[in-house]
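The values are calculated or read from the model by the stated rules, or taken from the named source; none is laboratory data. Not measured: the values here are computed from a predicted model. Glycine also receives a Cβ, built like all others from the backbone with ideal geometry; neighbour counts cover every protein chain displayed.
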Amino acid sequence: MGLVRLSEGDWLQAGPDLEARAQGFADWPEGVQITPEVEAPARELAQMLGAEGALHEAALARHEDMCLLTKTPGDDQYRLIGAAVAWPSDWHPKDKIGLPLRALHAPIAGYENQLATGVDRFMETLKPGSIYGRCNWFIAATGERRWLALGDPQEQFAHVTKENAGEALFIRSERQTLRRLPETGAIVFTIGIYVEPLRALNASNLHYLAKAAGSLVRGEGERRGVGAYADTLIGYADAQEMKNKG
């Protein structure tokens, strides 16, 4: 899972752009999806964050999108009971609400065989007061925070060349955190979105990214559309390396 333990002060980003958050939800109201079970944990979360209301208000008050998961008697897995997501990375909360963890992650290559058991165990044993985080990355052909990829990846990245990749490709990172609410026992999953053009990366990170794109497992690479941009990204990284050496 690649999780690291976080302090309370490192849980969420300080100084969020609240105007951008409000606009994000106004532009995409379907990003808020809830079930009846979410009421109590959502209000607990909002109170923890000093916000009045429930899940939507909690997410409006911070930089991060927020999801709530719980496991009720009779469930064998945690389920998504609420989502307030202004800036998704190619997913729709309406398609995921109410689903158990393994169904939520079904599109991710290797999840069932390699990660599902460990994730289930982590969720079961997570204690209130403990906070864990991880980061992942995507390459997108847009710098918009809300990324809903549509159509053939070859078409999405058709305009990108190794000469313009620095401006036409965007590295999209999700800073994800997990913690358990002390009263209701629900788990809060937060997603902080950060987007930068490829040219903003330093040489070391650019080299790492090109290497990672070229070595993704087949199934996950297909899901992310890597085949549509990998050669261009690697060519750009090589050109930048040569430029720095020169």
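Has segment 12-28 got any residue that is modelled with pLDDT of 95 or more, crowded, with 19+ Cβ neighbours inside 10 Å and assigned to a loop (DSSP other than H, G, I, E, B)? Yes: one or more hits.
Selection of helices (runs of 4 or more DSSP H) fully inside segment 123-234 by the criterion of at least 2 residues being loosely packed, with under 14 Cβ neighbours inside 10 Å, of a type in the set (Phe, Trp, Tyr) and free of Cβ contacts under 8 Å to residues at least 60 places away in the same chain returns nothing.
Yes/no per residue for (1) out of contact with any helix residue (DSSP H, G or I) (no Cβ under 9 Å at 6 or more places or on another chain); (2) among the charged types (D, E, K, R); (3) under 17 Å from GLU174 (Cβ atoms):
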| residue | (1), (2), (3) |
| --- | --- |
| ILE34 | no, no, no |
| MET48 | no, no, no |
| HIS56 | no, no, no |
| ARG62 | no, yes, yes |
| MET66 | no, no, yes |
| GLY74 | yes, no, no |
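Which of the residues belonging to segment 47-89 are free of Cβ contacts under 8 Å to residues at least 12 places away in the same chain and either crowded, with 17+ Cβ neighbours inside 10 Å or assigned to a loop (DSSP other than H, G, I, E, B) (or both)? If the condition is that a residue be free of Cβ contacts under 8 Å to residues at least 12 places away in the same chain and either crowded, with 17+ Cβ neighbours inside 10 Å or assigned to a loop (DSSP other than H, G, I, E, B) (or both), then GLY50, ALA51, GLU52, GLY53, PRO73, GLY74 are the ones that fit. Is it the case, given these coordinates, that ARG102 is assigned to a helix (DSSP H, G or I), within 19 Å of the chain's Cα centre (by Cα) and over 16 Å from GLN176 (Cβ atoms)? Judged against the criteria, ARG102 is a match.
The single condition among (1) over 18 Å from the mean Cα position of the chain (by Cα); (2) more than 30 Å from ALA46 (Cβ to Cβ); (3) at pLDDT 85 or above that LYS127 does not satisfy is (2).
Given the criteria in contact with a Ser or Thr (Cβ under 8 Å, 6 or more places away or on another chain), among the charged types (D, E, K, R) and either within 30 Å of GLY151 (Cβ to Cβ) or at pLDDT 85 or above (or both), does ASP95 qualify? No; evaluated as a whole, the condition is false for this residue. The residues of segment 154-204 that are under 19 Å from the mean Cα position of the chain (by Cα), farther than 30 Å from GLU39 by Cα and of a type in the set (Lys, Arg) amount to a single one, ARG172. Residues in segment 32-44 include at least one that is small (Gly, Ala, Ser), more than 14 Å from PHE189 (Cα to Cα) and surrounded by fewer than 19 Cβ atoms within 10 Å (Cβ to Cβ).
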